[in-house]
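Notes for the one structure printed next.
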Amino acid sequence: MSSTETEAATAAVTEARPASDAGDGATVAASDTADAATASAPLELDDDERELVGHDLDALLPTLDGVRRERYTQLRETVAAGVVPGALIPALESLLELTLQTGRARTRYRAEGEQTLTRLYGRTPGGRELSSHLRQVNEALGSLQGQSIGSLAVRMRTVGHFTLAIQTDETSITLVARPDTIDVESIAVSS
């Protein structure tokens with residue numbers, strides 16, 4: 001990992017989630033601590049998942065310090081064992097978001113590795129939530145079936161926040177896309 005990639009990875013782990021003061025001056029992902037209280041069941045990893053996540057952690061750990069380093073060292077140990085306990089799943093989720101959103105997974109592991117990590121992310125609480133959003137969007141789009149599209153418009157509300165407005169004679173749907181999700185903002189049916 002180059003020094004530029006290392007700096008970007010460290011910043012992304014810190015910024016992937018809102019930071020909170022860990023008490024010793026180090027910042028840690030807020031959800032890493034907050035979600036521990038409502039942790040999900042342990043997550044078993046197959047050999048490919050263990051290998052890929054292990055490589056990412058090995059590259060990331062030297063860039064971390066304090067509480068973050070301890071947290072991701074614990075994650076590295078559990079990944080090697082093949083079972084991530086519920087309390088460490090938020091840290092795993094943050095790591096997966098980092099490697100998938102930055103394109104690092106595809107660059108380092110090609111399409112197959114990226115797909116492996118995407119499937120693993122889909123088994124995390126954040127991945128399940130994203131799948132739910134995608135189902136809702138597809139249901140809304142399904143309501144347009146058989147209708148002629150009158151207009152389509154993509155707009156930027158702000159950097160990283162876009163809307164897609166779809167208008168038919170019968171229905172108007174607005175979708176909103178942000179870096180980490182897509183949602184149905186509104187649906188209106190003409191009478």
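What number of residues within the stretch 142-165 satisfy the criterion of being touching a residue at least 24 places away in the same chain (Cβ under 8 Å) and either surrounded by 14 or more Cβ atoms within 10 Å (Cβ to Cβ) or in contact with a Pro (Cβ under 6 Å, 6 or more places away or on another chain) (or both)? Give the derivation first.
Going residue by residue through the stretch 142-165, those that are touching a residue at least 24 places away in the same chain (Cβ under 8 Å) are 143-144, 147.
Applying the additional criterion that residues be either surrounded by 14 or more Cβ atoms within 10 Å (Cβ to Cβ) or in contact with a Pro (Cβ under 6 Å, 6 or more places away or on another chain) (or both) yields 143-144.
Summing the residues that are touching a residue at least 24 places away in the same chain (Cβ under 8 Å) and either surrounded by 14 or more Cβ atoms within 10 Å (Cβ to Cβ) or in contact with a Pro (Cβ under 6 Å, 6 or more places away or on another chain) (or both) in the stretch 142-165 gives 2.
If you go through the stretch 101-116 one residue at a time, do you hit one that is touching a Phe, Trp or Tyr at 6+ places or on another chain (Cβ under 8 Å), surrounded by 15 or more Cβ atoms within 10 Å (Cβ to Cβ) and either of a type outside the set (Asp, Glu) or in the same structural domain as ASP58 (by TED's automatic domain parsing) (or both)? Yes: one or more hits.
Kindly indicate whether any position in the stretch 140-160 is at pLDDT below 95, touching a Lys or Arg at 6+ places or on another chain (Cβ under 7 Å) and not assigned by TED's automatic domain parsing to the domain that holds GLU51. Yes. For THR171, the criteria (1) surrounded by 15 or more Cβ atoms within 10 Å (Cβ to Cβ); (2) of a type in the set (S, T, N, Q); (3) modelled with pLDDT of 95 or more hold in every case but one, which is (3). Just one residue in the set VAL176, VAL137 is free of Cβ contacts under 8 Å to residues at least 60 places away in the same chain and not in a helix (DSSP H, G or I); that residue is VAL176. In the stretch 58-99, of all residues being among the charged types (D, E, K, R) and within 22 Å of GLU129 (Cβ to Cβ), the one that is surrounded by the most Cβ atoms within 10 Å (Cβ to Cβ) corresponds to GLU93. Residues in the stretch 75-87 that are in contact (Cβ under 8 Å) with a residue 24 or more places away in the chain and in a helix (DSSP H, G or I): VAL79, ALA80, GLY86, ALA87. Does the stretch 124-131 contain at least one residue that is outside any helix (DSSP H, G or I), of a type in the set (A, V, I, L, M, F, W, C) and touching a Ser or Thr at 6+ places or on another chain (Cβ under 7 Å)? No, the stretch 124-131 contains no residue that is outside any helix (DSSP H, G or I), of a type in the set (A, V, I, L, M, F, W, C) and touching a Ser or Thr at 6+ places or on another chain (Cβ under 7 Å). Just checking, does the stretch 63-74 include any residue being under 24 Å from ASP180 (Cβ atoms), at pLDDT 95 or above, polar (S, T, N, Q) and in a helix (DSSP H, G or I)? Yes, because at least one residue in the stretch 63-74 is under 24 Å from ASP180 (Cβ atoms), at pLDDT 95 or above, polar (S, T, N, Q) and in a helix (DSSP H, G or I).
The values are calculated or read from the model by the stated rules, or taken from the named source; none is laboratory data. It should be emphasised that the depicted structure is a prediction, and the values quoted were computed from it without experimental measurement. So basically every Cβ, Gly included, is an ideal-geometry build from the backbone, and we count neighbours across all protein chains shown.
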